[in-house]
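Let me begin by presenting the structure, written as structure tokens, before commenting on it.
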Amino acid sequence: MKKTINYFIIRAISAVVLGALLILYPQKAISFGVIIIGILFIVPGLLSLIDYFTAEKAKRPEMPVLLAGIGSLLFGVILVVIPSLFVNVLMYILGIILIVGAVEQIVVLIRARKRATVSLAFYLIPLLILAVGVLVLFNPFKTAETIFILIGIACLIYGIMEFIYWLKFKRKLSAK
């Protein structure tokens, strides 16, 4: 059962290190994450292009496979070369989605007031969502950094708890 204990420690240390890095370097974590996603688009794009051009003419994949490969490759290159563009666009889309969702909830509550009593407390969450959406639209990079910091804090707490669990239960785990 020694391997189980080692996995607890490895998970705990990994989570603490990841959490600390996300807290200390959130902007680099954002860019690095987007670059990794870009590489994940480049690889299949390259593979499909290689497959297309190395196959015999009679056995070549259809033209859409070639176009998908080129599209995947170009999108991956854009993500690797300009990761901030993707993060910026993504955060704007997230902000718009939050605003639209909050407005829709408020409209539903207003309509519901015609048929039932709706407490003002029900408007609190949609108003908070609306405020977050507006914040994301006006400050996308700071918001993205904050999200990564929160993820880092969660990872840090997870790692610490994993280590505490290992300390608390190591006798029981090694007895099995």
For the range 149-167, which positions are within 19 Å of ASN6 (Cα to Cα) and of a type in the set (Gly, Ala, Ser)?
GLY159
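If you take the residues in the range 106-159 that are aromatic (Phe, Trp, Tyr) and modelled with pLDDT of 90 or more, which one is nearest to LEU24 (Cα to Cα)? Can you show your working first?
We begin by selecting, within the range 106-159, every residue aromatic (Phe, Trp, Tyr); these are 122-123, 138, 141, 148, 158.
Filter once more, so that each one left must be modelled with pLDDT of 90 or more: 123, 158.
Numbers: TYR123: 36, TYR158: 17 Å.
Among those residues, the one meeting the criterion is TYR158.
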Set VAL118, VAL136: member being without any contact (Cβ under 8 Å) to a residue 12 or more places away in the chain, under 30 Å from GLU104 (Cα atoms) and surrounded by 14 or more Cβ atoms within 10 Å (Cβ to Cβ)
VAL118
Scanning the range 1-25 residue by residue, those outside any helix (DSSP H, G or I) and under 18 Å from the mean Cα position of the chain (by Cα) turn out to be TYR25
ILE125 is checked against (1) of a type outside the set (Gly, Ala, Ser); (2) open to solvent by less than 60 Å² (accessible area, probe 1.4 Å); (3) part of a helix (DSSP H, G or I) and fails just one. What number does that condition carry?
(2)
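The values are calculated or read from the model by the stated rules, or taken from the named source; none is laboratory data. Source: prediction; values computed, not measured. Cβ atoms come from the backbone with ideal geometry, glycine included; neighbour counts cover every protein chain shown. Protein only, heavy atoms only, side chains kept; ligands, DNA and RNA dropped before computing areas. Shrake-Rupley method; radii C 1.70, N 1.55, O 1.52, S 1.80 Å.
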